[in-house]
Amino acid sequence: MKEELLKTLSETRVQEADLASLRVDAPPDPEGRWAAKDHLAHLAWWREKNSAATMDAVRRGVEPPARVEVDSEQNAIVYRATKDMSVAEIKARADVSWDALERAVEACTEEDLRKEHPHTPGFAIWQLVPAHAGHVGMHVMSWLLDVGDVERAREVALWAYRIETDAISQPIQRADADYNLACFYARVKDSRAALPLLRRSLTANPDLIAWARQDGDLDPIRQEPELKELLAT
């Protein structure tokens, strides 16, 4: 299992290179829109402070990082802390976070990797790796759409979906992967592809409904009757 996880990390690092290659030094957007470097800073924080730190804590049998209850709040904290940093500083942080996660996986035994995630019952800590791949894919896909590269965005979205769904079989834990791919299709106004994924995702994990009601990624298809029905439940 460990070798497969390290291979996944290697693939994911290559996918994230799209963000690293597109980053430029520029003042923060006055309306808070994220540049490539902001996506990179966000991913670096979650990779080091959440994924790597949680895996290390479980392996060592010590107190894990506190559960982050509202992602949007933590995301705003990370953005405020990093928005004025140079791209060189953020790239250095990203490299450190990749090294931290790779070391965390390397340090685990096969038994360690199968231990339960401290905040997610039924979720083993090895699953942090494909979940993080999906997280990276979502952000790279979003940025590529922002810059108009729809075909590359599609490739990344489908790659991330494959990585997550090949590794994770439980419907509730696949809900994020379904939702993220649906967001790609929604942003390119392909409601026929987006809606079945959203229905499966929101049925498996109704906690996502509150987020979907205000998620700008769904705005291009928000007037679809089926989506209105899903979000009314």
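From the list Glu116, Glu89, Glu110, Glu63, the one residue that fits, being among the charged types (D, E, K, R) and under 17 Å from Glu3 (Cα atoms), is Glu110. The test for being more than 27 Å from Glu4 (Cα to Cα), of a type outside the set (Gly, Ala, Ser), outside any loop (DSSP other than H, G, I, E, B) and touching a residue at least 40 places away in the same chain (Cβ under 8 Å) does not hold for Leu218. Listed by position, the helices (runs of 4 or more DSSP H) inside region 71-190 whose residues that are buried (at least 20 other Cβ atoms within 10 Å of the Cβ) and either at pLDDT 95 or above or not assigned by TED's automatic domain parsing to the domain that holds Glu31 (or both) number at least 1 are 87-107, 110-113, 128-146, 150-167, 171-187. Considering region 33-66, the residues that are of a type in the set (Lys, Arg) and more than 16 Å from Met141 (Cα to Cα) include one that is surrounded by the most Cβ atoms within 10 Å (Cβ to Cβ), namely Arg47. Please determine whether any residue of region 27-38 is in contact with a helix residue (DSSP H, G or I) (Cβ under 7 Å, 6 or more places away or on another chain), among the aliphatic types (A, V, I, L, M), within 22 Å of Val147 (Cβ to Cβ) and not in a helix (DSSP H, G or I). Taking every residue of region 27-38 in turn, none turns out to be in contact with a helix residue (DSSP H, G or I) (Cβ under 7 Å, 6 or more places away or on another chain), among the aliphatic types (A, V, I, L, M), within 22 Å of Val147 (Cβ to Cβ) and not in a helix (DSSP H, G or I). Against the conditions (1) at pLDDT below 95; (2) part of a helix (DSSP H, G or I), Asp56 satisfies every one except (1).
The values are calculated or read from the model by the stated rules, or taken from the named source; none is laboratory data. Everything numeric in this text was worked out from a predicted model, so none of it was measured. Heads up, the Cβs are rebuilt from the backbone with ideal geometry, glycines too, and the neighbour counts pull from every protein chain shown.
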